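This report refers to the structure that appears directly beneath it.
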Amino acid sequence: MQEITYLLITIVSFVLVLGLVVVVHEMGHFWAARWCGVAIEAFSVGWGKSIWERRDARGVRWKLAQWPIGGFVKFVGDENAISAAPTAGYADAAAKAAARDRGILQAMPVWVRALVSVAGPAANFLFTILVFAIAFMAVGQNTTDIGALAPRLDAIAAGSAAERAGLKAGDVVTSIGARPISTYKDLQAAVAASPGRTLDVLVVRDGAPRRVAATPDRVEQIGEDGAKIAIGRLGVQRSPSRAEMVYVRANPVEAIGLGAQATWRMVSGILGYLGDIFTGKKSADQLSGPIGIADVTGQVANTSLGESGQSMVSRAGGFVASLIVLAATLSVAVGLTNLLPIPVLDGGHLLFYAAEAVRGRPLGPAAQAIAYNFGLVMVASIFLLATWNDLHRLFERLTAV
């Protein structure tokens, strides 16, 4: 029964998170198109047969579809729901002007089409900035100084000098030799200054003092002057508890800046990883697809709902907040992915529009059709690779239990 509950929570959470991210993306396209006078046929939450719909005063069909995964905005004149049909072309200037008057997207100037395409990813980034900004205002920025905390060892790395010495998670270091240790920074300084030298470490374990002989590993790193220096490393980690964490709330202006900085760090991290893949510095085994996203979503959702010592209302609030923050994180990846210069993605549309701007006319329908087919193959290949990675990680985790 517990496994079934976990699975149901995972499925519902995954649908909500992915649905929110995609709706935000499509809303970006929608509002940019409406602002530019592009005629919109439908906005769908989900795919497939409609289970509810209504038409607004401007003729847009708003609908909920039977498969609640994502959604789409469909413009008048599109041959499909992802606006991936080749540009139809127009016999003469009069026909093009008439199509523009009707709000047909493919008849609009290049800059309008480019703006509509880029608005989807832009909405993803703005959503992430907004969510993070609200978090910085409501919860605050984590300003916890790890070095100022008590010298407790919360984690011991496998195969490390600390493990070889017999140090355990939960040990509190009180002295090293004749040097008293009162903060984690004191511990770091004493260890860093003793590479390869055996230290007499006094710890408190389960309320009782215990002496341990530990020899920090010798590790070389680049000093502030650019020269190589040797430091000691035990392989321990300090993880502050919730009660030890210090948060400082930001005002709205500060929060927006902090949200933008956090979003940019995510963007630069993803771009750096993709660059390392293409240059051969890293493998693509960290790419994740729907299965991996669902797995992470399930872990986050079930953890937030399963926290003990909290009321049902608090757990429900934590559940919603966790999913929104996760959606904001995923939103960055969706925005960047859609900007890749692959036909069928927004980046592919932008590539075509750039070529049209340079040439003075769009690529021919045959060339666009070939490019779209190539794009479909690329997207399918990336999807299969990501799914393979997800299944491989899931199998490794299940077999390790």
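What tally of residues in region 364-385 results from selecting those that are under 9 Å from Ile342 (Cα atoms) and not β-branched (Val, Ile, Thr)?
So the answer is 6.
Determine if region 279-286 includes at least one residue that is among the polar types (S, T, N, Q), surrounded by 19 or more Cβ atoms within 10 Å (Cβ to Cβ) and either without any contact (Cβ under 8 Å) to a residue 12 or more places away in the chain or touching a helix residue (DSSP H, G or I) at 6+ places or on another chain (Cβ under 7 Å) (or both). Within region 279-286 (the criterion being among the polar types (S, T, N, Q), surrounded by 19 or more Cβ atoms within 10 Å (Cβ to Cβ) and either without any contact (Cβ under 8 Å) to a residue 12 or more places away in the chain or touching a helix residue (DSSP H, G or I) at 6+ places or on another chain (Cβ under 7 Å) (or both)), the answer is no, since none of the residues qualifies. The set of residues in region 1-30 that are of a type in the set (Phe, Trp, Tyr) and loosely packed, with under 14 Cβ neighbours inside 10 Å is empty. Say we look at region 171-219 and pick out the residues that are in contact with a Gly (Cβ under 7 Å, 6 or more places away or on another chain) and β-branched (Val, Ile, Thr); which of these is surrounded by the most Cβ atoms within 10 Å (Cβ to Cβ)? Only one residue fits best here, namely Val191.
A residue that is among the hydroxyl-bearing types (Ser, Thr, Tyr), under 22 Å from Glu163 (Cβ atoms) and either in the same structural domain as Ala333 (by TED's automatic domain parsing) or surrounded by 13 or more Cβ atoms within 10 Å (Cβ to Cβ) (or both) cannot be found anywhere in region 236-243.
The values are calculated or read from the model by the stated rules, or taken from the named source; none is laboratory data. No experiment lies behind these values; they were computed from the predicted model shown. Neighbour counts run over all protein chains shown; Cβ positions are idealised from the backbone, glycine included.
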